[in-house]
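Please read the structure below before turning to the comments.
The values are calculated or read from the model by the stated rules, or taken from the named source; none is laboratory data. On a predicted model such as this, the values are computed, not experimentally measured, just so you know. Because the Cβ atoms are built from the backbone with ideal geometry, glycine has one as well, and the counts that use them run over all protein chains shown. Areas reflect the complete protein model, heavy atoms only, side chains present, ligands, DNA and RNA absent. Shrake-Rupley method; radii C 1.70, N 1.55, O 1.52, S 1.80 Å.
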Amino acid sequence: MHHQEFEPPEELQDTIKCFWYNRRVSGAELSSFEVVPDGYAEIIFHFGSGCSISSGGELRPLPSPFMMGLLNQPAIFYTKNRFEIIGIRCFPWTVFDLLGLPSDKHGLHLFEHPMAQLQPKLNAFILDGKIDEAVAAVKQYFLQARAQVAANSMLFKAGIAMQEAKGTIPVSEVAAAAHVTVRTLERNFKRSSGHTVKDVSGLMRFEQVRNQLWLDPNANLTSLAHEFGYTDQPHLSREFKRYSGTTPAAFARKAKKGKQALSNDLLNLSS
């Protein structure tokens, strides 16, 4: 698997976290990969053999583009042979306004949208291996889209406060950072994202704990619970399992095995 991330232009940094490219190659048989919830919405253009999502026990083919909103549990995707993605990682409180769509809480969004006209152009770039050119074309499209959307400084300030605190501050402090009442913030945040401030903060905290456990599988869970504002370790464990489908201890064991396998691969490559 190959993964690259690209910084957004300054004009898009209040709306888009990053652009990214991913390539995975598998065999002729269907293979699966899991996407775990985080605090972002993702717009996905895909190329190659296509992909499907597991839904209600059946595989549902996905068009390109589609959008994954905030998830509350892992999603399983299936693909085969060559599969490449150009992704746009958006802040959930800005993505619906950026696309000119009504907000909702659905994890998967399938829609008809003018940005689908980019697909043939992007596909040609991908087939030629011109990843930078493909990303540049997507950036240019969203620069033009962003210019049509009025800036919402209240949500921007709220988003900055939430990111800087990594989801650990209460709604009242987010509202204070945005210079509005809690009621006004909640109303505008839910209108723009389909979710509450608490929903998004919870995902941000989970993402931070998951990243910490990947970097240090031996991290003390009680300390992590305190650092990221959970009531106690059982609270952290419940929230972690809710979003990932596994306990933090099981994830840490898996991370340790994964890092060991990667280390062994690097040793084999260097020997």
Dipole of the chain, positive end: most advanced residue of N211, A116, Q233 [Cβ charges, Cα centre]: Q233
Note: F33 to L143 extended length (0.36 nm per residue) minus current alpha-carbon separation gives 36.5 nm
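Taking GluC sites (Glu not before Pro) as exposed when DSSP calls them loop (any state but H, G, I, E, B) and at most 16 other Cβ atoms lie within 10 Å, what is the longest stretch of the chain free of them, the sites themselves excluded?
Details: sites that count: E29, E112.
Segment 113-271 is the longest.
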Using a 1.4 angstrom probe on the protein heavy atoms only, line up V35, V197 by accessible area, largest first. V35, V197
Pop out the ³J(HN,Hα) list for segment 34-44 in order, Karplus 6.51 cos²θ - 1.76 cosθ + 1.60 with θ = phi - 60°, rounded to Hz; leave Gly and Pro as x. 9, 10, 9, x, 8, x, 10, 9, 10, 8, 10
Using the alpha-carbon centroid of each, what span in Å lies between segment 27-63 and segment 188-209? 23 Å
Could you run the Karplus curve 6.51 cos²θ - 1.76 cosθ + 1.60 with θ = phi - 60° over segment 80-95 and give me ³J(HN,Hα) per residue in whole Hz, x for Gly and Pro? 8, 6, 8, 9, 10, 10, 10, x, 10, 8, 10, 6, x, 7, 10, 5
Could you work out which residue, out of K241, K105, K257, moves most in a Gaussian network model of the chain, that is, has the largest mean-square fluctuation with Cα springs under 10 Å? K257
Using θ = phi - 60° and Karplus 6.51 cos²θ - 1.76 cosθ + 1.60, couplings along segment 114-120 (whole Hz; Gly, Pro as x): x, 5, 4, 5, 6, 3, x
Can you list residues from other chains, or at least 5 along the same chain, whose modelled amide H is less than 5 Å from the amide H of C51? L62
Exceeding 19 Å between C-alpha atoms, which entries from my cross-link table qualify? They are K17/K139; K105/K190; K80/K241; K198/K254; K157/K190. K80/K241; K198/K254
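Which order do you get for L221, L59 if you rank them by accessible area with a 1.4 Å probe, largest at the top? List each step's numbers first, then the result.
Values: L221 30, L59 85 Å².
So the residues, ranked largest to smallest area, are L59, L221.
What size of dipole, in debye to the nearest 20, comes out for the chain about its Cα centre when the only charges are +1 on Lys and Arg C-beta atoms and -1 on Asp and Glu C-beta atoms? List each step's numbers first, then the result.
Numbers: 29 positive and 27 negative charges, 121 e Å.
Charge dipole, the chain, about its Cα centre: 580 debye, nearest 20.
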When the helices in the chain are scored as -39500 (n - 2.57) per DSSP H run of 4 or longer and the sum is shared across all residues, what 222 nm value do you end up with, to the nearest 500 deg cm²/dmol? -14500 deg cm²/dmol
